[in-house]
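The values are calculated or read from the model by the stated rules, or taken from the named source; none is laboratory data. This is a predicted model, so every value here is computed, not measured. Backbone-built Cβ (ideal geometry, glycine too); neighbour counts: all protein chains shown.
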Amino acid sequence: MNQALLLLIPFATPFIAAIAASFLPTKARNAAATLASAASLIGVIALLCLYPVIASGQVARFAVEWLPTLDIAFRLRLDGFAWLFALIVQAIGALVVLYARYYMSPEDPVPRFFSFLMAFMGAMTGVVMSGDMIQLVLFWELTSFFSFLLIGYWNHSESAQNGARMALTVTALGGLCLLAGVVVLGRIVGSFDMDVVLASADLVKNSPLYLPALCLILMGALTKSAQFPFHFWLPRAMAAPTPVSAYLHSATMVKAGVFLLVRFWPVLAGTPEWGYIVGGAGMFTLLFGAWTAVFQNDLKGLLAYSTISHLGLITLLLGMGTPLALVAAIFHIVNHATFKASLFMAAGVIDHETGTRDLRKLSGLRKTMPYTAALAIVAAAAMAGVPLLNGFLSKEMFLAEALQAPEGRDFSLMVPILATVASALSVLYSVRFIHQVFFGPPATDLPKSPHEPPRWMRFPIELLVLICVVVGTIPALTIAPVLGFAVKSVLGDATPYYSLSIWHGFNLPLLMSFIALIGGTTAYVLFGKRINRADKAWIVGRFSGARAFERAMRWLNISAEWMVLQLGSKKQQWRIRVLVIAAILAGLVAAGFGGLGMKEAGITIQRPGIGFTLIWIVASVCALAAAWQAKYHRLAAVILMAGCGVVSALTFVWFSAPDLAVTQILVEIVTGVLLLLGLRWLPKRSVAMAPSKTDFASRRRRAMDIAIATLAGLGMAVMAFAVMTRPGGSHLSSFLLEESYPRGGGRNVVNVLLVDFRAFDTLGEITVLGIVALTIWALLRRFRPAEESRGITEQRRVQDRHDKQHEQRQSGDTLRETMLIPSVVMKWTFPFIILLALHLFLRGHDLPGGGFAAGVAMSVAFILQYMAEGARWVEERLRIRPLYWIGGGLLITTLTGMASWLFNYPFLTTYFQYGSLPWVEKVPLATAVIFDLGVALLVVGATVLMLTAIAHQSLRTAREIEPVKAPEEGV
């Protein structure tokens, strides 16, 4: 039951809801909001059902093996801290969905918005619940991607485009650093399992790789949580809709960085390096964010920089390295989520109802929006740390820990002073927010007449503000139990004693809190008017991280353009030449350092037989002739290349590999036809166009190409010979021959290897094949043949003949021509080739054949129909949908692999059993056969899609070059 709930929380709810919402009509705002609300509430309920397990100190786990040999698995891990964080993500997500239902305009594509939002929620929940470090990085990057889509939701806005691009660039680069860091950490520990890593603190800290792992992981965390000097992307993200800002700033995205710091705190914290990097970044960000927030005139800008400051506060607490500081950090994560989400929603209400977020235009809204004003004032007071609100409790714990800074550390005496100054600044911008928006004379030049929002739009703010008040007044009955098991899950036996009472007597932290409250309020009274007139922050206003980022990106673009200009070329020959030379150099370097292992293997070269020698003499002649004719006689080159393919098939037969021989022959047929169909549209070339013999540059280029090709060919031959004669190869071959039937349920070793032993590779290869087919289809949709190709008389004559034939057959006329008999024969072969494909598929697990060969054979059947009757006839009668075949093939192969998870086996584990069918002897009933079916479907779909894309060029050209008819007389 617990495992089902774990799987339900991050996947069955948000991601499925995201997919479902993407299929809703554009104007289905209510349906999309209902779907998203249901998904969020299901997640909250599932977490509440797991509360007894988490409260008892247990860790709920769910694991499915993925790559057992590399210790990579799909693992979900929910301890007390992850439970608390996941509850914040899901609960605030549900409130944001309700709020967005009223905030978003019906004219917007709201289902797309909720689809992105649900996917973002699922990605963030995946980060929180990941029990594998590689899996954590995957979800980490997904949060960057979906936040990019959400920030740029209003893609017509240039500010939204720039903000989304900046956020994705900074956080994705941090994610790459995080990936490198967890790989280093996994190498230190010897596992990517989070449980193993968290139990290896001494091993990690004593490793010489500790500092590189620490720096890389902190780079990911600091960029995500907008810590200095990576803070600049967060204010630009304000171009997103306000519901996105409320969610991103309170419960997701920016909180991912501090979550990561808490998660790895037991392993990485407690060293001077951790203290200087994390504490230094946190202190600077705390002060810089608070100071800059004071001077913001955009309401969301003020809240954005205050978020940066509060994240710096949490980071500073984590950098202190003490258990009590960790308690205060987790507590403030919860408190900040409640008051910051309510403040952003209130800012959205103000913007929605008044038409502006400019603090210089807003004034006196307490009279026209009294309920919203009361809620916003309480939330801002919680942000400022006013007593009897939740923000006061965590800030007092922060000030208490600032007083306990370790002695002997540089600037330790400055920590409590700077902490008090930062608290006073938070009071200052909170007072400015309250006074500027809600007090003073009513504004007269607002774009809209202000009024209260709809009742249910205000409900999320009311609930969050109520939580701020309840936690601030009775923390022992509300937050203390939850905070207790969250802290216990991180610190374990090292959990210190702490008290969440609202009164600890008159002490120094309380005095510092009142100094901050009085100092911030007094500063606004004295300097408020000057601050309101300022266009940018004093002192630091001239320094802009965003401007530095834009300059860096511009420099990179200029550098890239210069490199392309210097090294690039429009000719494909030059690019291929560079790639081949790079491959040759890589091979030479590898052979120079590692050798080929031929001497160690004691290889004795045997003289090949006369038959084998003759076969490869023919292949060499075909290859050389094809290369010679490739530029001016393309048809001859294709025929000669087919000769090389036939020789390859004969070689497979020579080495008793009929399975590979059948596949090779079928592939040669399909690729030959597709090449000929594509080459017909290239400009016509002739030998007369060849360069002069006296052209020294051309002769030198050809000589260099011949040398490169010869060296590459010899290198591949030597490498292939070394691999095939290596002793390890015989051991691998004997293993596959012996284990093919016991483990894979098939006697055809080649096919069992493809669909069982290396099925994961096959899944990747067919995915690439599908992508290639889609790419060719997309490119040819906009392709137009060259003028010299379109104007060929023979081409027009053949096309007109096919069109005339098509029209006459539709009208019942009979067309007599020389291609009639071959056309009829090709049409008659269709059912027989389909039967052959079915035969190859059914026998593939035990005899030569398989899904790939069957798919290519079926593709040949469609190609012959096209050659006989043309594209229109085939599409009208067969009605094949290649995109469905590609998608269906990928879906079948993936689901076949995932089905093994239901029985607690790794991905793509095969189950086999032999059964009997009527009129048929025993047949293999292995699950690998289902996987093979997906391979066959995708091969057919990809081939037919490429054929269709090429064939449509003829139809398009025939329409484009059709002469315009003269108007009839009298018209």
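Condition check ((1) within 15 Å of Met194 (Cβ to Cβ); (2) buried (at least 20 other Cβ atoms within 10 Å of the Cβ); (3) among the basic types (Lys, Arg)) across all residues:
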position: Glu65; (1), (2), (3): no, no, no
position: Arg75; (1), (2), (3): yes, yes, yes
position: Trp83; (1), (2), (3): yes, yes, no
position: Gly93; (1), (2), (3): no, yes, no
position: Ser130; (1), (2), (3): yes, yes, no
position: Met133; (1), (2), (3): yes, yes, no
position: Leu136; (1), (2), (3): yes, yes, no
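Considering only region 380-406, how many residues are surrounded by fewer than 22 Cβ atoms within 10 Å (Cβ to Cβ) and under 19 Å from His249 (Cβ atoms)?
Final tally of qualifying residues: 0.
Tell me which residues, restricted to region 183-219, are aromatic (Phe, Trp, Tyr) and more than 16 Å from Arg77 (Cβ to Cβ). Before the answer, list the steps.
Start the filter on region 183-219 by keeping residues that are aromatic (Phe, Trp, Tyr), which leaves 192, 210.
Residue satisfying the conditions is Tyr210 alone.
Yes/no per residue for (1) of a type in the set (Gly, Ala, Ser); (2) modelled with pLDDT of 90 or more; (3) closer than 30 Å to Asn335 by Cβ:
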position: Asn2; (1), (2), (3): no, no, yes
position: Ala28; (1), (2), (3): yes, no, no
position: Val64; (1), (2), (3): no, no, no
position: Asp71; (1), (2), (3): no, no, no
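Report whether or not Pro450 is on the phi < 0 side of the Ramachandran plot, surrounded by fewer than 16 Cβ atoms within 10 Å (Cβ to Cβ), touching a Ser or Thr at 6+ places or on another chain (Cβ under 9 Å) and touching a residue at least 12 places away in the same chain (Cβ under 8 Å).
Values: on the phi < 0 side of the Ramachandran plot: yes; surrounded by fewer than 16 Cβ atoms within 10 Å (Cβ to Cβ): no; touching a Ser or Thr at 6+ places or on another chain (Cβ under 9 Å): yes; touching a residue at least 12 places away in the same chain (Cβ under 8 Å): yes.
In short, no.
If Thr252 satisfies all but one of (1) in a loop (DSSP other than H, G, I, E, B); (2) within 20 Å of Phe120 (Cβ to Cβ); (3) free of Cβ contacts under 8 Å to residues at least 24 places away in the same chain, what's the number of the condition it fails?
Of (1) in a loop (DSSP other than H, G, I, E, B); (2) within 20 Å of Phe120 (Cβ to Cβ); (3) free of Cβ contacts under 8 Å to residues at least 24 places away in the same chain, only one is false for Thr252: (3).
Does Ala636 qualify as being hydrophobic (A, V, I, L, M, F, W, C), more than 40 Å from the chain's Cα centre (by Cα), on the phi < 0 side of the Ramachandran plot and in a helix (DSSP H, G or I)? Give the derivation first.
On the way: hydrophobic (A, V, I, L, M, F, W, C): yes; more than 40 Å from the chain's Cα centre (by Cα): yes; on the phi < 0 side of the Ramachandran plot: yes; in a helix (DSSP H, G or I): yes.
Against the criterion (hydrophobic (A, V, I, L, M, F, W, C), more than 40 Å from the chain's Cα centre (by Cα), on the phi < 0 side of the Ramachandran plot and in a helix (DSSP H, G or I)), Ala636 qualifies.
Scan region 476-495 and give yes if some residue there is more than 46 Å from the chain's Cα centre (by Cα) and farther than 17 Å from Val386 by Cβ, otherwise no.
Filtering region 476-495 for residues more than 46 Å from the chain's Cα centre (by Cα) gives none.
No, there is no match, as no residue in region 476-495 is more than 46 Å from the chain's Cα centre (by Cα) and farther than 17 Å from Val386 by Cβ.
Test Lys340 against the criterion of being among the charged types (D, E, K, R), farther than 24 Å from Pro496 by Cα, modelled with pLDDT of 90 or more and assigned by TED's automatic domain parsing to the domain that holds Gly321, and give yes or no.
Values: among the charged types (D, E, K, R): yes; farther than 24 Å from Pro496 by Cα: yes; modelled with pLDDT of 90 or more: yes; assigned by TED's automatic domain parsing to the domain that holds Gly321: yes.
Against the criterion (among the charged types (D, E, K, R), farther than 24 Å from Pro496 by Cα, modelled with pLDDT of 90 or more and assigned by TED's automatic domain parsing to the domain that holds Gly321), Lys340 qualifies.
Out of (1) over 20 Å from Thr285 (Cα atoms); (2) assigned to a helix (DSSP H, G or I), what's the single condition that is false for Thr307?
Of everything listed in (1) over 20 Å from Thr285 (Cα atoms); (2) assigned to a helix (DSSP H, G or I), Thr307 misses just condition (1).
Quick one: Trp873 ticks every box in (1) of a type in the set (Phe, Trp, Tyr); (2) closer than 30 Å to Ser656 by Cα; (3) surrounded by fewer than 20 Cβ atoms within 10 Å (Cβ to Cβ) bar one, so which box is it?
(2)
Can you tell me which of Gly391, Gly348 is of a type outside the set (A, V, I, L, M) and either assigned to a loop (DSSP other than H, G, I, E, B) or within 16 Å of Ser430 (Cβ to Cβ) (or both)?
Values: Gly348 fails: either assigned to a loop (DSSP other than H, G, I, E, B) or within 16 Å of Ser430 (Cβ to Cβ) (or both).
Sole residue among the options that is of a type outside the set (A, V, I, L, M) and either assigned to a loop (DSSP other than H, G, I, E, B) or within 16 Å of Ser430 (Cβ to Cβ) (or both): Gly391.
Output the helices (runs of 4 or more DSSP H) that fall wholly within region 830-946 and possess 3 or more residues being modelled with pLDDT of 80 or more and outside the structural domain of Asn751 (by TED's automatic domain parsing), or say none.
On the way: elements: 851-869, 871-878, 882-899.
Because the criterion is at least 3 residues that are modelled with pLDDT of 80 or more and outside the structural domain of Asn751 (by TED's automatic domain parsing), no helices (runs of 4 or more DSSP H) in region 830-946 meet it.
Filter region 72-87 down to residues that are within 22 Å of the chain's Cα centre (by Cα) and outside any strand (DSSP E or B), then give me how many there are.
Within region 72-87, the first condition is being within 22 Å of the chain's Cα centre (by Cα), and the residues that meet it are 72-77, 86.
Next, from what is left, pick out any that are outside any strand (DSSP E or B): 86.
The number of residues fulfilling the criteria is 1.
Select from region 637-680 the residues that are hydroxyl-bearing (Ser, Thr, Tyr) and under 23 Å from Ala949 (Cα atoms) and list them in ascending order.
Thr671
Take region 745-785 and flag every residue that is buried (at least 19 other Cβ atoms within 10 Å of the Cβ) and acidic (Asp, Glu).
Across region 745-785, the qualifying residue is only Asp756.
With respect to the numbered conditions (1) on the phi > 0 side of the Ramachandran plot; (2) touching a Lys or Arg at 6+ places or on another chain (Cβ under 9 Å), which one is the sole condition not fulfilled by Asp71?
(2)
Name the pairs: first residue in region 432-444 and farther than 14 Å from Ile350 by Cα and assigned to a helix (DSSP H, G or I), second residue among the charged types (D, E, K, R) and at pLDDT 90 or above, Cβ to Cβ under 7 Å, at least 6 apart or on different chains?
none
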